[in-house]
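*Asks:* Handing you a structure now.
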Amino acid sequence: MDNIKVLFGKRIRGIRISKKISQEKMAELCGLHPTYIGQLERGEKSPTLESIYKIANGLDLPPQALFENIEYKKDDYASKIYNEVLSLPETKKKKIYNIITEIIDM
């Protein structure tokens, strides 16, 4: 079961990857240390409110966007799958979508 730190980390990693920026560039944009960004993405650190604001500002997003589609439920497999897929490159997301669509259509 993922905890909220891990889910938040996967969310910001997914956003960063979708914007095609490195951890170093994201850290620069957010005014945070690259090591801290990595720790957040791995779910090793809990972000402060100030860090959440800096991340949102650096990524040009409203703070609430960092929490969209994060659902913390113990046995919700759809949320677990979504959070795992979120940080993958678009090509892998498309392959997973195609596989799931085929399974559903069986």
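Any read-out appearing in this document is the output of simple, stated calculations on the displayed coordinates, not a laboratory observation. Everything numeric here is computed off the predicted structure, so don't read it as measured data. Ideal geometry is used to build each Cβ from the backbone, glycine not excepted, and the neighbour counts take in all protein chains shown.
*Asks:* Past 22 Å, Cα to Cα: identify those pairs from K5/K95; K45/K92; K19/K93, in the order given.
*Replies:* Exceeds cut-off: K5/K95; K45/K92.
*Asks:* Now, a different point. Between I99 and N69, what is the FRET efficiency for a Förster distance of 25 Å, r being their Cβ-Cβ separation, to the nearest 0.05?
*Replies:* 0.75
*Asks:* Check every DSSP H run in the chain and write down those whose alpha carbon atoms cover 20 angstrom or more along the long axis and whose mean Kyte-Doolittle hydropathy is -1.0 or greater.
*Replies:* Going by DSSP H runs, the hits are 4-18, 90-105.
*Asks:* Would you compute, from DSSP H runs of 4+ residues alone, the mean residue ellipticity of the chain at 222 nm, taking -39500 (n - 2.57) per run and dividing by the full residue count, rounded to the nearest 500?
*Replies:* After summing the helix terms and dividing by residue count, I get -19000 deg cm²/dmol.
*Asks:* Rg(Cα) of the chain divided by 2.2 N^0.38 Å?
*Replies:* Output field value: 1.13.
*Asks:* Loop-only trypsin sites (Lys or Arg not before Pro) in region 5-38, please: DSSP not H, G, I, E or B, and at most 13 other Cβ atoms within 10 Å.
*Replies:* Qualifying residues, ordered by number: K19, K20.
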